[in-house]
Amino acid sequence: MSVLRALQPSFTAGVLSPALWARVDLAKYATGLKKALNLFVHPHGGISNRAGTEFVREVKASANKTWLIPFQFNTEQSYQLEFGNLYFRVFKNGALVLTGGGSPYECVTPYASADVDALVFVQEADVMYIVHPSYPVQKLERLADNNWQIVAVSFAPAMAAPTGLSGIAQKKYSGGGSDTFGFKVSSVTAGGARSAASAQATAYWEYVVFDGRFIRVFWNAVAGAASYIVYKSLGPGDEGVVAETADLSADMPVNGGTFEGDNTAIPGVADPGAVGTPTGVGAIVAFGKPSKYVVSAVSDDTGEESLPSASVTLNNDMSIKGNKNVLQWTAVAGAARYIVYREDNGLYGYIGTTETTDFTDENIVADVSDGPQTARNPFNGAGNYPRCTTFIEQRLGFFGTNNDPQGAWLSQSANYENFGVASPAKASDAVTFRIRSRQVNEIRAALAIKGLMLLTSGSEWIVSGGTNSDAITPSAIKVDNQGYRGAAKVQPVIVGNTVLFAQDRGCVIRDFSYEFAQDNFTGKDLTILARHLFENKAIKSWAFAQAPYSMVWVVLDDGSLVSLTYLKEHDIWAWTHHESGPDDDAVFECVSVIAEGKEDVPYFIVKRTIDGVSKRYVERLHSRAFTSVEDAFFVDCGLTYSGAAATVISGLTHLKGQSVVALANGNVVRNLTVSNTGTVTLPNAATKAHIGLPMTAALQTLDLDLGSVQGLGTVQGRKKSFDEVTLRVQDTRGIFLGPKDGERDDENTMVEYKQRQDEAWNEAIGMYTGDIHITPHWDWSDGGNVWVKQFDPLPMTILALMPNVTIGR
């Protein structure tokens, strides 16, 4: 036999799948574990028992599915929103926000309980946009802690369009005499048969230096007519034909101020085969050509441009010097300036800007490359509601409707609720595009990371403006494929500049980040080492808590909870598993993380059976930052009493009938039962007591491997035993250790480390940092595994494990 000293210096591989228990060739085998229950791995390598969960409140209706959504304005103002059936409630700093009257503050929503777990949201400051493919897009606004509003988004400019647009065509006239001219019209068939001339229409004409005016004669259509002849019938000069046209009007030419006919007789009777005589004949003095104008207003606060006003048309000959059109309109509240557009060949073009409510057009050339916007709402009606959303390059994006699963819509730049476009398109206009791929896979997530990342059910894409543009615009859209993994419906998590997403199939979690060498996004399977935690399961909810431990908390669809310590830059990803309640009866349903103080705090919705009744509770992971053991909180669904010395502690009705444990003034009190009135009785009075459900933390090392030992070769498969195990611990109290799993009172398996040193008899045992030596029960085993457990509501952090191992031959 040989006696050797083994060392496990860290636990940064976390728990390993049984399929890997023979892979001693893996580098991560040396830092892995067989079991890690209610523990988490520190980024620097140690492993600690997690803090307990603090009871916050029962949800409004425990029978209904409920969901948590984080709302964070800044590090000082953060909230958890409890979404249930047609309502949401607000939690702040671990407490329910109340109305002025002391009742829970609630806000009505359109969302049914069955749909709250599929809500996707994006937030900017005090505004959050929420989407679901079965509901119109909603905008949630915080006005105060107990004053919120949620409304459907109208997707129109917030700035009102100007009204009352009118104008005057100012012309430069010169004096002269006047005459009255008369005109008649007859219809002509395709065979040339003319009708009798119509009744006479007259127009009053002033003789002036030519300024562009003319007389326009018009009439109603005649059935069967191929053309029409206009006759001059009154006024100086010759009478007769002055125009023949297939149109329903004719402009009389001006020759020195007179209108000359061709002396043709005006027919008084119709030719054989002629059709009817024209009716509705009229004559007006017209001038120049029509100019059509619209005006828009620009917001002083946001710079957003309104839709154009109703149009006004003015007739003028703008080619004549001195002629001009003067426009005016009613002021719009909040407008900083106004933009004037004039129609040119069917398109409106920019002609000027003014800060007043009038504008003069002196034949300004219209810039038709800069036109007014047209209103557009792509999300109008069932089937057109988006399923995911994000902000990208100062635009609000919506993606993937039931009718268009691969469609993408980006708002106007800096105008989030405006999806209007101009013709031709401007760079700031709303953007619409569609992913073109081999399969029609719905867009399930969108993120702003090195462009716009779109995750579909079958592939991953990056959208950019391409090589010729720094931004995405209507004319600059480049969609590049990054892989064909496919994403699940649960929204991805961002850790730094790395995306973590769940695959659509297989319950695989992948990291996904840009690799310069490949000029592509790539990543690895983060569940490969702990696949047993995810087999035949799916991710239901997850969230990332950056501070203090860089952890992702993951709720699976079977109600289990796992955690991942993740630091990509140090190649650390370590999984552990968590349980709660008697016989692990707690069902975790949702997790959400917000910043509170200097930590990111996970909130959970946990389904528990209390006194035979199913309850859904909002619970908050307690901080693990403390300097005194009296402040250690390692109970689940617990509460803290702090005040005058007391033996009877009340306020625990949420744990009625449950067996609980307490840490009272730093001393462990076991085997307490909560009464029907929600009280427990301590054996000794305490000024501070943490009371809740007991929680056991446990780790089991992998089968011992020492590489190739001289004279022995591998130790795999050989009998092993330990005569002593040294644990290097930090801020720890209360450790049990043994070669096999067992309970605290099982003297044949677990040995408790007796820790009291120099504390006074009435003083709580303090936490210890350093090496502790434990002699376990002696026994031979094939694996040489070590079990370490914490049964009490006390802190435990293990930095390294060093067994003295005897190897059998």
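Keeping to the stretch 379-403, report how many residues are closer than 13 Å to VAL131 by Cβ, out of contact with any Lys or Arg (no Cβ under 8 Å at 6 or more places or on another chain) and either among the basic types (Lys, Arg) or free of Cβ contacts under 8 Å to residues at least 60 places away in the same chain (or both).
2
Filter the stretch 666-698 down to the residues that are farther than 19 Å from TYR617 by Cβ and touching an Asp or Glu at 6+ places or on another chain (Cβ under 6 Å) and list them by number.
Across the stretch 666-698, the qualifying residues are GLY666, VAL668, LYS688.
In the stretch 417-463, which strands (runs of 3 or more DSSP E) lie fully inside it and hold 1 or more residues that are among the polar types (S, T, N, Q)?
In the stretch 417-463, 431-434, 452-456 are the strands (runs of 3 or more DSSP E) which contain 1 or more residues that are among the polar types (S, T, N, Q).
For the subset of the stretch 41-58 comprising residues that are over 30 Å from the mean Cα position of the chain (by Cα) and among the polar types (S, T, N, Q), which member is surrounded by the most Cβ atoms within 10 Å (Cβ to Cβ)?
ASN49
Criterion first (open to solvent by 20 Å² or more (accessible area, probe 1.4 Å), closer than 13 Å to THR726 by Cα and either in contact with a helix residue (DSSP H, G or I) (Cβ under 8 Å, 6 or more places away or on another chain) or hydrophobic (A, V, I, L, M, F, W, C) (or both)) does TRP787 satisfy it?
It is true that TRP787 is open to solvent by 20 Å² or more (accessible area, probe 1.4 Å), closer than 13 Å to THR726 by Cα and either in contact with a helix residue (DSSP H, G or I) (Cβ under 8 Å, 6 or more places away or on another chain) or hydrophobic (A, V, I, L, M, F, W, C) (or both).
If you check every pair at least six apart or on different chains, which have Cβ atoms under 6 Å apart with a residue in the stretch 477-488 that is at positive phi first and a residue that is of a type outside the set (S, T, N, Q) and open to solvent by 50 Å² or more (accessible area, probe 1.4 Å) second?
As it stands, the answer is GLY486/ASP504, since those pairs meet every condition given.
Can you work out which of the residues in the stretch 508-521 that are open to solvent by less than 50 Å² (accessible area, probe 1.4 Å) and in contact (Cβ under 8 Å) with a residue 40 or more places away in the chain is farthest from VAL120 (Cα to Cα)?
Only one residue tops the list, namely PHE521.
Can you go through THR627, THR696, THR681, THR701 and tell me which one is exposed (fewer than 15 other Cβ atoms within 10 Å of the Cβ), of a type in the set (Val, Ile, Thr) and modelled with pLDDT of 95 or more?
That would be THR681, the only listed residue that is exposed (fewer than 15 other Cβ atoms within 10 Å of the Cβ), of a type in the set (Val, Ile, Thr) and modelled with pLDDT of 95 or more.
So how many residues does the stretch 99-112 have that are farther than 20 Å from GLN77 by Cα and of a type outside the set (A, V, I, L, M)?
Summing the residues that are farther than 20 Å from GLN77 by Cα and of a type outside the set (A, V, I, L, M) in the stretch 99-112 gives 6.
Here are the criteria: (1) out of contact with any Gly (no Cβ under 6 Å at 6 or more places or on another chain); (2) closer than 23 Å to LEU621 by Cα; (3) open to solvent by 60 Å² or more (accessible area, probe 1.4 Å). Tell me which single one VAL108 does not satisfy.
(2)
Restricting to the stretch 430-471, and then to whatever is charged (D, E, K, R) and within 21 Å of the chain's Cα centre (by Cα), can you tell me which residue is nearest to ILE392 (Cα to Cα)?
So the residue we want is LYS450.
Mind telling me which of the residues ALA595, ALA574, ALA517, ALA543 ends up being more than 30 Å from VAL674 (Cα to Cα) and assigned to a loop (DSSP other than H, G, I, E, B)?
It is ALA517.
So which of ILE649, ILE610, ILE605 ends up being among the β-branched types (Val, Ile, Thr) and in contact with a helix residue (DSSP H, G or I) (Cβ under 8 Å, 6 or more places away or on another chain)?
Sole residue among the options that is among the β-branched types (Val, Ile, Thr) and in contact with a helix residue (DSSP H, G or I) (Cβ under 8 Å, 6 or more places away or on another chain): ILE610.
For residues that are modelled with pLDDT of 95 or more and either touching a Lys or Arg at 6+ places or on another chain (Cβ under 6 Å) or open to solvent by 60 Å² or more (accessible area, probe 1.4 Å) (or both), tally how many sit in the stretch 322-342.
Residues in the stretch 322-342 being modelled with pLDDT of 95 or more and either touching a Lys or Arg at 6+ places or on another chain (Cβ under 6 Å) or open to solvent by 60 Å² or more (accessible area, probe 1.4 Å) (or both): 5 in total.
Return yes when ALA114 is surrounded by 17 or more Cβ atoms within 10 Å (Cβ to Cβ) and over 25 Å from GLU599 (Cβ atoms) and no when it is not.
So ALA114 does not fit the description; no.
Given the structure, is THR627 closer than 21 Å to PRO793 by Cβ and either in contact (Cβ under 8 Å) with a residue 40 or more places away in the chain or among the polar types (S, T, N, Q) (or both)?
So THR627 fits the description; yes.
Just give me the residues in the stretch 113-141 being within 26 Å of ASN74 (Cβ to Cβ) and of a type in the set (D, E, K, R), in sequence order.
Those that are within 26 Å of ASN74 (Cβ to Cβ) and of a type in the set (D, E, K, R): GLU124, ASP126, LYS139, GLU141.
Any chance you could count how many residues in the stretch 138-164 are surrounded by 20 or more Cβ atoms within 10 Å (Cβ to Cβ) and closer than 30 Å to TYR341 by Cβ?
Looking only at that region, the number is 5.
Go through ASP779, ASP771, ASP741, ASP731 for me and flag whichever is of a type in the set (Asp, Glu), open to solvent by 40 Å² or more (accessible area, probe 1.4 Å), at pLDDT 90 or above and more than 47 Å from the chain's Cα centre (by Cα).
Selected residue: ASP771, the only one of ASP779, ASP771, ASP741, ASP731 that is of a type in the set (Asp, Glu), open to solvent by 40 Å² or more (accessible area, probe 1.4 Å), at pLDDT 90 or above and more than 47 Å from the chain's Cα centre (by Cα).
Any idea which residue in the stretch 250-270 is farthest from TRP205 (Cα to Cα), counting only those that are crowded, with 16+ Cβ neighbours inside 10 Å and at pLDDT 90 or above?
Out of the qualifying residues, it is ALA270.
How many residues does the stretch 150-165 hold that are in a loop (DSSP other than H, G, I, E, B) and in contact with a Leu (Cβ under 7 Å, 6 or more places away or on another chain)?
The total comes to 2.
Can you tell me which residue in the stretch 429-438 is farthest from VAL368 (Cα to Cα), limited to those that are modelled with pLDDT of 90 or more and surrounded by fewer than 20 Cβ atoms within 10 Å (Cβ to Cβ)?
Here the residue is ARG436.
Restricting attention to the stretch 20-40, does a residue exist that is under 21 Å from ARG624 (Cα atoms), open to solvent by 30 Å² or more (accessible area, probe 1.4 Å) and either of a type in the set (Ser, Thr, Tyr) or not in a loop (DSSP other than H, G, I, E, B) (or both)?
no
Would you pick out the residues in the stretch 635-677 that are closer than 23 Å to VAL56 by Cβ, in a loop (DSSP other than H, G, I, E, B) and open to solvent by 40 Å² or more (accessible area, probe 1.4 Å)?
Hits for the stretch 635-677 are SER650, GLY651, LYS656, GLY657, ASN676, THR677.
Can you tell me which residues in the stretch 1-19 are crowded, with 21+ Cβ neighbours inside 10 Å, of a type in the set (A, V, I, L, M, F, W, C) and not in a loop (DSSP other than H, G, I, E, B)?
VAL15
What are the residues in the stretch 611-621 that are part of a strand (DSSP E or B) and either open to solvent by 10 Å² or more (accessible area, probe 1.4 Å) or modelled with pLDDT under 95 (or both), if any?
Within the stretch 611-621, VAL613, SER614, LYS615, ARG616, ARG620, LEU621 qualify.
Being touching a residue at least 24 places away in the same chain (Cβ under 8 Å), closer than 30 Å to PHE359 by Cα and surrounded by 21 or more Cβ atoms within 10 Å (Cβ to Cβ) narrows it down to one of SER299, SER311, SER319, SER306, so name that one.
None of the others qualify; the one that does is SER306.
Test ALA625 against the criterion of being of a type in the set (A, V, I, L, M), part of a loop (DSSP other than H, G, I, E, B) and out of contact with any strand residue (DSSP E or B) (no Cβ under 6 Å at 6 or more places or on another chain), and give yes or no.
Yes.
The values are calculated or read from the model by the stated rules, or taken from the named source; none is laboratory data. The structure displayed is predicted, hence computed values, not measured ones. We place every Cβ from the backbone using ideal geometry, glycine too, and count neighbours over all the protein chains shown. Surface accessibility is based on the protein's heavy atoms, side chains included, excluding ligands, DNA and RNA. Shrake-Rupley method; radii C 1.70, N 1.55, O 1.52, S 1.80 Å.
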